[in-house]
Amino acid sequence: RLVQIQRGDDATVAALTKWISANETRPIFTFLHLYEPHAPYDPPEPFRGATENPYDGEIAHVDAIVGEFLEFLKQRNLYNRALIIVFSDHGEGLGDHQEDEHGMLLYRESIQVPLLVKLPNQREKGATVDTPAQLSDIFPTVIEATGSTPEKSESGALSLLSFLRSPDLERMVYSETYYPRLHF
């Protein structure tokens, strides 16, 4: 199955840290894509035996990998000045609503995902936002946080920093799945 083809996260992080080390003297933009946790759930040891649920083991494995990557940034004196955004593209059904994975249904388990932003130099440290956000808000956030000049966008995406300036901002977010349309 195509969804079972994946490169291990350790190899992905090794490739990225090597590239960062070779380019750290200039401004850089990177995207670290970790495929786990993703079906088939098969975490490596010691995470496999540490939890009853293989999905939880993969969560613990990814948590460790991200922690090691952030430690790498700290050791290279890159962490404080970095804009770091951690997010997931989707959640998993894990049996709720008769959906083991994701894609068929748009229940909360699939669409409410982690989204964490660390601004350079601890700016806004500890701030939280209750306003619903969407993954398309990441790009305008990067544009604003880096002082870049955005092109005019009609997408409705907002910089997540605007939620800090306007905590009472009300908005609706859009989610869709083509899975049922394409497969049924």
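Of the chymotrypsin sites (Phe, Trp or Tyr not before Pro) in the stretch 1-93, the ones in a loop by DSSP (not H, G, I, E or B) with at most 13 other beta carbons within 10 Å are Phe29, Phe31.
Is the shape of the chain best called rounded, prolate or oblate, per the rule: a/c under 1.5 gives rounded, else a/b larger than b/c gives prolate, else oblate, with a ≥ b ≥ c the square roots of the Cα gyration tensor eigenvalues? In terms of gyration-tensor shape, oblate. Ignoring the sites themselves, what is the longest stretch of the chain with no trypsin sites (Lys or Arg not before Pro) in a DSSP loop and at most 11 other beta-carbon atoms within 10 Å? Answer - 8-80. What is the percent carbon and sulfur in the accessible area of the chain, measuring with a 1.4 Å probe over the protein chains and ignoring ligands? Answer for the chain is 53 percent, counting heavy atoms of protein chains only.
If you count Lys pairs in the chain whose Cα atoms are under 23 Å apart, skipping same-chain pairs closer than 8 places in sequence, the total is 4. Summing Cβ point charges (Lys, Arg +1; Asp, Glu -1) relative to the Cα centre of the chain gives a dipole of roughly 1000 debye. Of Glu154, Glu45, the order by accessible heavy-atom surface (1.4 Å probe, DNA, RNA and ligands excluded), from most exposed downward, is Glu154, Glu45. Rolling a 1.4 Å probe over the protein heavy atoms leaves Leu158 with an accessible area of roughly 60 Å². At the residue level, Leu115 shows approximately 60 square angstrom of accessible surface with a 1.4 angstrom probe and all protein chains present. Solvent-accessible surface of the chain, averaged per residue with a 1.4 angstrom probe and all protein chains in place: 70 square angstrom. Counting only heavy atoms of the protein chains and using a 1.4 Å probe, Ser148 has close to 60 Å² of accessible surface.
The values are calculated or read from the model by the stated rules, or taken from the named source; none is laboratory data. As the structure is a computational prediction, the values presented were derived from the model and not from experiment. A quick note on method: Cβ atoms are made from the backbone with ideal geometry, for glycine too, and the neighbour counts reach across all protein chains shown. Surface areas here come from the heavy atoms of the whole protein model, side chains and all, with no ligands, DNA or RNA. Shrake-Rupley method; radii C 1.70, N 1.55, O 1.52, S 1.80 Å.
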